[in-house]
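The values are calculated or read from the model by the stated rules, or taken from the named source; none is laboratory data. This is a predicted model, so every value here is computed, not measured. Neighbour counts run over all protein chains shown; Cβ positions are idealised from the backbone, glycine included. Accessible surface areas use protein heavy atoms only, side chains included; no ligands, DNA or RNA. Shrake-Rupley method; radii C 1.70, N 1.55, O 1.52, S 1.80 Å.
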Amino acid sequence: MPESVKGGLVLILFGAPGSGKGTQARLLQEKLQLPHIATGDMLRERMRRADEQGERIRGLLEAGNLVTDDLITEMLAERTAEADCSRGFLLDGYPRTVAQAEWIFQCLAGRGMGWVVIHLKVDYNEIIRRLAGRRTCVRCGPVFHQANQPPVYGSGGELCGKCGTSLIVREDDREGVIRHRLAAYDESTKPVLDWMTAQGVPFREVDGAGQSPEEIAQRIVAGAKFA
Ligand code: AMP
């Protein structure tokens, strides 16, 4: 494990796809001044290099399957060894399996870092509604929603309100794939909650629906004793 990260605080945002981990991480990044490490974004970036590994990652993501623990853990170990993570970071999308949970908590303890785990709970019907309406800007990053955060409508169709680029529907935000991602969550990721309970790793449940993203972020910060 890289030795360059000592001390600091890691906020782990845990929850099903579409539970708002990315939205919360983007809001909390500003409040806490910590970098946002999203494993899904790291994989999508890697996938754009259309080499053999990139194509393998694309196949897994577009089908709604998880990539292997070894691959994602190696990428995460490298990323979090960078200097901007030395005060801590916001982790969005990891751990997604018990093996990943075992690795991350051992790794953080070894680095002398503290952590807070937030479980964002959202009903699956709401998740399907959110993901199926989601539109993403591949150029500058923000996520829009047909109903909640509408894009700009122009001659090029749905456009990013920030940079004007045409928005896309992620391949894995199509309804059949969403259901597959939720099944993968039930099978591989939900058991992490039982594992944390059995290991005595505390986590806090936050209702991820019914309030605005800003209100949810405030609740996370207020309850998390970051001082
Ligand atoms: P996300 O953007 O977090 O919804 O992640 C998109 C996709 O990337 C997931 O559906 C998985 O295929 C893959 N992925 C992201 N994080 C992980 C992880 N920690 N372990 C395995 N696969 C992951």
Check: To the nearest 0.05, what FRET efficiency results for Val138 and Glu74 with a Förster distance of 25 Å applied to their C-beta separation?
Finding: 0.50
Item checked: Degrees, to the nearest 10: 52-63 long Cα axis against longest axis of the chain -> 70
Next item on the list: Please provide three numbers in whole Å: the alpha-carbon extents of the chain along the principal axes, with the largest listed first.
Entry: 53, 43, 34
Next item on the list: Specify the angular offset, from 0 to 90 degrees and rounded to the nearest 10, of the alpha carbon long axis of helix 21-32 from the longest principal axis of the alpha carbons in the chain.
Entry: 60
Margin query: Counting heavy atoms of the protein chains only and a 1.4 Å probe, report the per residue accessible area for the chain as a whole number of Å².
Written below: 50
Check: Can you give the extra length, in nm with one decimal, that the chain gains between Asn148 and Arg219 once fully stretched, where that is 0.36 nm per residue apart less the Cα-Cα distance?
Finding: 23.5 nm
Check: Which value in nm describes the separation of the simple spin-label points at Ala109 and Glu175, placed 7 Å from the Cα toward the beta carbon?
Finding: 4.6
Next item on the list: Could you look at the chain and say what percent of its accessible area is carbon and sulfur, using a 1.4 Å probe and all protein chains?
Entry: 50
Next item on the list: With a/c under 1.5 counting as rounded, go ahead and sort the stretch 1-133 into rounded, prolate or oblate using the C-alpha gyration tensor (a ≥ b ≥ c being the square roots of the eigenvalues; past the cut-off, prolate if a/b is larger than b/c, else oblate).
Entry: oblate
Checklist line | Spatial separation of Cα centroids for the stretch 130-172 and the stretch 40-62, in angstrom | finding: 21
Check: Once phi is turned into θ = phi - 60°, what whole-Hz ³J(HN,Hα) does the Karplus curve with 6.51, -1.76 and 1.60 give for every residue of the stretch 71-85, x standing for Gly and Pro?
Finding: 4, 5, 5, 5, 5, 5, 4, 5, 5, 7, 7, 6, 4, 5, 8
Checklist line | Net charge dipole size for the chain [Lys, Arg +1 and Asp, Glu -1 on Cβ; Debye, nearest 20] | finding: 540
Next item on the list: Please report how many Lys pairs in the chain have alpha carbons closer than 26 angstrom, counting only residues at least 8 apart along the chain or sitting on separate chains.
Entry: 14
Item checked: For the stretch 214-222, 3J(HN,Hα) per residue [Karplus equation, 6.51 cos²θ - 1.76 cosθ + 1.60, θ = phi - 60°, Hz, x = Gly/Pro] -> 5, 5, 5, 4, 4, 5, 4, 5, 4
Notebook entry, point to check: Can you tell which of Gln149, Gln106, Ala63 lies farthest toward the positive end of the dipole of the chain, using +1 and -1 charges on the Cβ of basic and acidic side chains (Lys, Arg; Asp, Glu)?
Noted result: Gln149
Check: What is the spin-label model distance, in nm, from Glu205 to Ser166 if the labels are put 7 Å beyond Cα along the C-beta direction?
Finding: 4.4
Note to self: I need the calculated FRET efficiency for the pair Lys31 and Glu52, taking r as the beta carbon distance and R₀ as 35 Å, to the nearest 0.05.
What the structure shows: 0.30
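Could you calculate the contour length gain from Asp123 to Asn65, that is, 0.36 nm times the residue separation minus the distance between their Cα atoms, to one decimal place in nm?
The Asp123-Asn65 span can extend by a further 18.8 nm.
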Margin query: Residue by residue through the stretch 135-141, what is 3J(HN,Hα) from phi via Karplus (6.51 cos²θ - 1.76 cosθ + 1.60, θ = phi - 60°)? Round to whole Hz and write x for glycine and proline.
Written below: 10, 10, 9, 7, 7, 10, x
